[in-house]
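The values are calculated or read from the model by the stated rules, or taken from the named source; none is laboratory data. Since this is a predicted model, take the numbers as computed values, not measurements. So basically every Cβ, Gly included, is an ideal-geometry build from the backbone, and we count neighbours across all protein chains shown. These accessible areas exclude ligands, DNA and RNA; they are computed on the full protein's heavy atoms, side chains included. Shrake-Rupley method; radii C 1.70, N 1.55, O 1.52, S 1.80 Å.
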Amino acid sequence: MRGSARGQVVWFDPFGLSVTPGSTIRFTNWDSGNSHTVTTYHPKFYDRMRRIPAAAEPWDSDFLLPDEFFEVTLTVPGVYDYYCLPHEMAAMVGRIVVGTLADAGWEGSSKDRTDVSNQVLAVLPSVEDIIAKGTIKRKDGS
């Protein structure tokens, strides 16, 4: 989790990631000026539409202060979309692709367009790009 010096821009770094099933992901808040969350889109949290595989456990890190971290192990193949609760409207979102389309039980990205803004949809990298590149960071490198 990152933020600009004055806090006017916030983002996940990377915001697109491809991993194998069973990988543990650590989200660390490197933004000295803001607290952040890592929250999956799921009805369990704030009655959001599900944007993770149906068999996966949803997660919410709660607020992480600077230098605090949260870890999650992802075992179910598919696409996981997540956001920062206080900064979703600033398009602080990310996507993790676990496994490949050939994996048993694979579930692709959500087709729902009613529960997220167009700005969020525009930021989320495509599954194809994530699989091809492995990691997707901001274009300006920050």
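Structure notes:
- T114-S32 FRET efficiency (beta carbon distance; Förster radius 30 Å; 0.05 resolution): 0.25
- Extended-chain gain in nm, criterion 0.36 nm per residue less alpha-carbon gap, M89 and M49: 12.8 nm
- Peptide packing for 89-97, 131-139, 14-22 was compared via the average number of neighbouring C-beta atoms within 10 Å per residue; ordered from the highest value, the list is 89-97, 14-22, 131-139.
- Computed from backbone phi with θ = phi - 60° and the Karplus coefficients 6.51, -1.76 and 1.60, the 3J(HN,Hα) list for the stretch 125-133 is x, 6, 4, 4, 5, 5, 4, 5, 9 Hz; x is used for glycine and proline.
- Solvent exposure of the stretch 25-93 amounts to 45 Å² per residue of accessible area, where only protein heavy atoms count and the probe is 1.4 Å.
- Nitroxide proxy distance, nm - points 7 Å out along Cα→Cβ at T73 and T24: 0.7
- Amide proton proximity set for E107, modelled H, under 5 Å, gap of 5+: G78, V79
- Amide hydrogen proximity for G16: with H placed 1.01 Å from N in the peptide plane, the residues at 5 or more positions away or on another chain lying under 5 Å are R95, I136.
- For the chain: relative contact order, % (alpha-carbon pairs under 8 angstrom, 6 or more apart): 30
- Accessible area per residue (1.4 Å probe, heavy atoms of protein chains only) ranks F27, F70 as F70, F27, with the largest value leading.
- Over the chain, volume per residue of the alpha carbon convex hull, in Å³: 100
- Charged side chains reduced to their Cβ positions (Lys and Arg at +1, Asp and Glu at -1) give the chain a dipole of some 360 debye around its Cα centre.
- Virtual spin-label span in nm between D13 and W106, 7 Å along Cα→Cβ: 3.2
- Alpha-carbon centroids, the stretch 1-27 and the stretch 97-142: separation in whole Å: 13
- Backbone HN-Hα couplings from phi across the stretch 55-71 [Karplus 6.51/-1.76/1.60, Hz, Gly and Pro as x]: 7, 7, 7, x, 9, 9, 6, 6, 6, 9, 7, x, 6, 7, 9, 9, 10
- Protein accessible area in the stretch 26-142, 1.4 Å probe - carbon and sulfur %: 52
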